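One structure is given here, and the rest of the page talks about it.
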Amino acid sequence: MNPPDEPPTGLIEGVRAVGREPVPERTGQRWGFGAFLLVEAVFVLSAVFITAVARTSGTDIGSSVAFILVGSMAPTVLAAVVAVVITRVRGNGPLVDLRLAWNWADVKVGLKLGALGLVLTYLAALVWSRVVGDQNATSAIGELVDGAALPLAAAIAMFLYVCFVGPICEELIYRGLLWGAIERQGWSQWAAFVLTTLIFAASHLEPLRTSLLIVIALPIGIARLITRRLTASVVAHVVNNFLPGLTLLLVSIGVMPT
């Protein structure tokens, strides 16, 4: 038997154990789906506001380093901050409500599933690019920096966001806040896994990439599913984003062709 604070040994055993274990109690949590909707509204409205400011001032977002950085990072970071504040005001804080307890076993699970995610992402991206065409095979951030010669400091900031800050913020929102809202309803862990995976993909507001994002999200969600904590999914997300983030860095500073 494994200690109660550690995930089962092996990924397959962990997945099988999900249905046999009860949904964790959400004592003291006074937030639910409304909190997630508020966070999503902050994300969308802040993105709209930044775009409106750029257009009103006559700024070309694609050529403005400041707007590239702010437009890429601010909405997700603001949304994650609001999510954390909600857990502080209406619950037990992010460590308890968002399942942020640290566990080295979770890190190992995250590394394994993150590596698996890299392979799945690569294979899925090959298929996806053939379906949509090379000219459409890009992300919103990729389009934003495409053709923009970013200064080294800005390129590094973008790399750190894509690889570390963005994944942490997104995990707090989707497999933290949203997952917790689903658990509070007493729904199964599998329901939480499926819904967070689909909503995570759709919330990127990139319809053409939604199917690819679902594939990318699967190993990340499995990490959260079998450990029942957020650390594993954060690590898996960071690992999965590392190569795309590095590619973005090299392209933005002109080392690699677009």
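The values are calculated or read from the model by the stated rules, or taken from the named source; none is laboratory data. Since the structure is predicted, the reported quantities are computational estimates derived from the model, not experimental observations. Please note: Cβ atoms are built from the backbone with ideal geometry, for glycine as well, and neighbour counts cover all protein chains shown. All accessible areas refer to the heavy atoms of the entire protein, side chains included, with ligands and DNA or RNA removed. Shrake-Rupley method; radii C 1.70, N 1.55, O 1.52, S 1.80 Å.
The stretch between A66 and L243, if pulled fully straight at 0.36 nm per residue, gains 61.3 nm over its current Cα-Cα span. Residues in region 198-243 average 32 Å² of solvent-accessible surface per residue, probe 1.4 Å, ligands and nucleic acids excluded. Within the accessible area of region 30-105, the carbon and sulfur atoms contribute 73%, probe 1.4 Å, all protein chains present. Taking the 1.4 Å solvent-accessible surface of region 192-258 as the whole, the part contributed by carbon and sulfur is 78%. Spin-label model, V119/E206: points 7 Å from Cα along the beta carbon direction are separated by 2.4 nm. Diffusion of region 183-258 by Stokes-Einstein, at 37 °C in a medium of 0.692 mPa s and with Rh set to the Kirkwood radius over alpha-carbon pairs, works out to 237 µm²/s. Accessible-area rank, largest first, for W190, W104, W179: W104, W190, W179, with all protein chains present and a 1.4 angstrom probe. What FRET efficiency do you get for A153 and V131 if R0 is 30 Å and r is their Cβ-Cβ distance, rounded to the nearest 0.05? Plugging the Cβ-Cβ distance into 1/(1 + (r/R0)^6) gives 0.25.
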